[in-house]
1. Which of LEU153, LEU131, LEU85 moves the most in a Gaussian network model of the chain with Cα springs under 10 Å?
2. How would you rank 115-126, 166-177, highest first, on the average number of other Cβ atoms within 10 Å across their residues?
3. Per-residue HN-Hα couplings for the range 141-146, Karplus 6.51 cos²θ - 1.76 cosθ + 1.60 at θ = phi - 60°, whole Hz, x for Gly and Pro?
4. Amide H neighbours of ILE191 under 5 Å, counting only residues 5+ apart in sequence or on other chains, H built in-plane at 1.01 Å?
5. Between VAL13 and GLU47, what is the label-to-label distance in nm when each label sits 7 Å out along the Cα-to-Cβ direction?
6. Please label the shape of the range 1-86 as rounded, prolate or oblate, based on the square roots a ≥ b ≥ c of the eigenvalues of the alpha-carbon gyration tensor (a/c under 1.5 means rounded; beyond that, a/b larger than b/c means prolate, else oblate).
7. Would you mind calculating the gained length between ALA40 and SER219 on full extension (0.36 nm times residue separation, minus the Cα-Cα distance), in nm to one decimal?
8. Amide H neighbours of GLY25 under 5 Å, at least 5 residues apart or on other chains, H built in the peptide plane: list them.
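Just so it is clear, none of the values below were taken in a lab; they were calculated from the coordinates. On a predicted model such as this, the values are computed, not experimentally measured, just so you know. In this analysis, Cβ positions are derived from the backbone assuming ideal geometry, glycine residues included, and neighbour counts consider all displayed protein chains.
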Amino acid sequence: MIPKDHPRYASLVRREKIAEAAKKGTVAMEGVGSHGRGEAFDYLIGEKTTKSALTAEKTAAALFLKAERPVISVNGNTAALAADLIRDLQKATNAAVEVNLFHRTEERIKNITKLMEDSGVVVVKDEVSRLLPLSHDRALCTREGIYSADVILVPLEDGDRCEALVKMGKTVITIDLNPLSRTAKNASLTIVDELTRALPNITNAAKTLREDEAKELISGCNNKKTLDDAIKEIMENLSDAVDREIQT
Ligand code: PTJ
């Protein structure tokens, strides 16, 4: 039991969810390591949504609203942390949701699909085949879902699939706390924020953005600048931490 008044309550609840889901096999053992890496970067960021992340979140919403075939790809960590937030984003954008796993087993696909459906998400369940140019099982996807997407959100992604999706001409949006990762660098747009902070901001923007605002965000979208700004914000946060340390 984590006491609600613990100063790092939200982070500890997320860790607990990942640990519980790993015991059930929803989260891959490797996903526990990924989560720890994310926690470390979140400390450096200051555990808050930065200015550049909020702009990226609004831009993601704009891209979703303009998309003809928006898709959200879900893995074990995303399902464990944010099934209900994916449901809200799906409702706001009409995006298709497909489960696509790095550490793929039919049992994990079945369990994660059920977890999502129990939270009210409509999941694409068509037949999968090797449609992506990758040698591992992430190549397996549905023709109607991921293969046909024009805009695809891939939270907590691995670099190879991100690169492959971009090469296929898709607009790839990722959520990744590590602005130095291969995924972050390869994506069309990287949101450097924690998954459960980022998703409600995208949903909220999808509900409120005006047409002209959406157009302006899309024309200003520049992933290199987004990542540079995220790194600068980390450096500012670290510099503030040093100043605070010196004062105390
Ligand atoms: O469920 P599966 O089998 O599809 O496997 C999923 C994992 C996450 C194991 C797989 O995609 C993987 O190995 O990912 P990586 O290469 O570890 O990348 C995950 C990225 O997400 C890392 O850069 C982390 O810093 C980042 N990350 C972890 N937790 C969060 C996060 N970013 C945002 N919010 C988080 N909660």
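1. LEU131
2. Details: 115-126: 16.2, 166-177: 21.9.
By packing density, highest mean first, the sequence is 166-177, 115-126.
3. Result, ordered by residue: 7, 8, 5, 6, x, 3 Hz.
4. Residues meeting the criterion, in which the H sits 1.01 Å from N, are THR174, ILE175, ASP176.
5. Simple spin-label model gives 1.3 nm for this pair.
6. On the way: a/c = 2.15, a/b = 1.34, b/c = 1.60.
Here the range 1-86 falls in the oblate category.
7. Details: separation 179, 0.36 × 179 = 64.44 nm, distance 3.24 nm.
Extra length available between ALA40 and SER219 comes to 61.2 nm.
8. It is none; the list stays empty.
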